[in-house]
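A quick write-up on the structure given underneath.
What follows draws every value from the coordinates through simple rules; no lab data is involved. Everything quoted here is computed from the prediction, not taken from an experiment. Here the Cβ is made from the backbone with ideal geometry for all residues, glycine too, and neighbour counts use every protein chain on show.
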Amino acid sequence: MPEKIIIDTDPGIDDAMAIFFAMSSPELELLGLTTTFGNVSVERATENALHLVEIAGISIPVAIGEAVPFVQAPLPFPDFVHGADGFGNLNLPQPKGQPIELGAAEFIIKTVLQNPHEITLIAIGPLGNLARALELEPRIAKLVKRVVIMGGTVLESGNVSPVAEANIYSDPHAADAVFRADWTVHMVGLDVTHKVTLMNDLQRRIRDHNSIFGQFLFDAGRFYADFYQSSRGTEGCYMHDASAIAYAINPNLFDVVNGPVRVATEGFAKGQTILKRTDYSYPENHWDIVTDACVCMGVDESGVLALYEKAMVGS
Ligand code: RIB
Ligand code: CA
């Protein structure tokens, strides 16, 4: 039986890759998309999610989520990474579809309560929707099947500060609430996504062999590829969000460390995901009240890329 998933997303070009990857994988059954601010505004993220559903030619619910961080002031959107429209400035026409009436948190709660222990939440943007769902219905912590997030970093340098990754940095209070909840967060962070590079030649192969998603992903990905070329000098992009999908499909491709994670919510370390890696009992006991997370620290890059290529190209 395919695993039922909800993807919480701020599309975003690598979000599009991840969502199409999930749609193309028989191991997963995508029940819906919930949207959040992050790469773009939540309004634009919702339009973009509706575009992705339209391109795929399927009918699944899209639910609108959090527009701003839980506590901190909103940050400018990183239009230099994904373009002002989130899809490399393709400036697509309005999508035909509409979001559902239910909000993102309510959709998550309703789906989890109606399918106890069967729903995996895969969050590939800031974590406000998951935090809101926990706030409204704490029982979901023990009723989900799994929680997988793309976010955070432990030993790898951050991408918005030396210690912080973008999804966590965008809403550190929500992220800390998600890590503090009584569930196991499976964290796919920069420690592994910076070890998986989606080279431009694979993106060209997907363009040439995938008649549904290929051309859109290639066209939307040009701006993103240019950002990587100019900022990192690489002929390809880090596989951030799609690595979370690969983890959901085959966690054996990853090496993990288990331990409690807290998130710094203020000061110059804001957004840092701090993993307690010893059993030592510290006077500062902020980690003692937290359920262990499962943090990815190593990855089989070729295995992840092969999984993605098999789903997107068919070989
Ligand atoms: O740090 C990478 C993450 O931030 C990805 O989810 C990307 O889409 C952006 O949201
Ligand atoms: Ca994202």
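Before moving on, here are some points about what is shown:
- Helix 42-56 vs. the chain, principal-axis angle (Cα, 0 to 90°, nearest 10): 50
- As a length-normalised measure over Cα pairs under 8 Å and 6 or more apart, the relative contact order of the chain settles at 19 percent.
- Length added when fully stretched, Thr234-Ile100, from 0.36 nm per residue minus Cα-Cα: 44.3 nm
- Helix axis angle, 13-23 relative to the chain longest principal axis, alpha carbon, degrees: 90
- Ignoring aspartates and glutamates fewer than eight residues from Lys145 along the same chain, the ones with Cα atoms less than 15 angstrom from its Cα are Glu3, Glu27, Glu29, Glu118, Asp182.
- Surrounding net charge for Leu90, when Lys and Arg each add one and Asp and Glu each subtract one, Cβ distance under 11 Å: -1
- Contact order, relative form, for segment 178-274: 29 percent (alpha carbon pairs under 8 Å, 6 or more residues apart, mean separation divided by residue count).
- Peptides ranked, highest mean first, by Cβ atoms within 10 Å: ranges 304-310, 280-286, 57-63: 304-310, 57-63, 280-286
- Segment 1-139 shape via C-alpha gyration tensor axes, a/c threshold 1.5: oblate
- Global geometry of segment 56-125, whether rounded, prolate or oblate, following the gyration tensor of its Cα atoms and the 1.5 cut on a/c: oblate
- For the chain, adding -39500 (n - 2.57) for each run of n ≥ 4 DSSP H residues and dividing by the number of residues yields -11000 deg cm²/dmol at 222 nm.
- Cα centroid separation - segment 23-85 against segment 102-119, whole Å: 18
- Over 24 Å (Cα to Cα) - which of Lys142/Lys310; Lys4/Lys310; Lys195/Lys310; Lys4/Lys142; Lys4/Lys96; Lys110/Lys310 fall in this group: Lys142/Lys310; Lys4/Lys96; Lys110/Lys310
- For the pair segment 296-315 / segment 143-217, the C-alpha centres are spaced 14 Å from each other.
- Cβ charges +1 (Lys, Arg) and -1 (Asp, Glu), total dipole of segment 33-124, debye: 60
- A dipole drawn for the chain from +1 and -1 charges on Cβ atoms has a positive end, and of Leu253, His117, Ala242 the residue lying farthest that way is His117.
- Global geometry of segment 143-184, whether rounded, prolate or oblate, following the gyration tensor of its Cα atoms and the 1.5 cut on a/c: prolate
- With Cα atoms, 0 to 90° folded angle of helix 214-232 axis to the chain main axis: 60
- Among 109-115, 180-186, the order from most to least packed when residues are scored by Cβ within 10 Å on average: 180-186, 109-115
- The label point for Asp201 and the one for Asn252, both projected 7 Å from the Cα toward the Cβ, are 2.9 nm apart.
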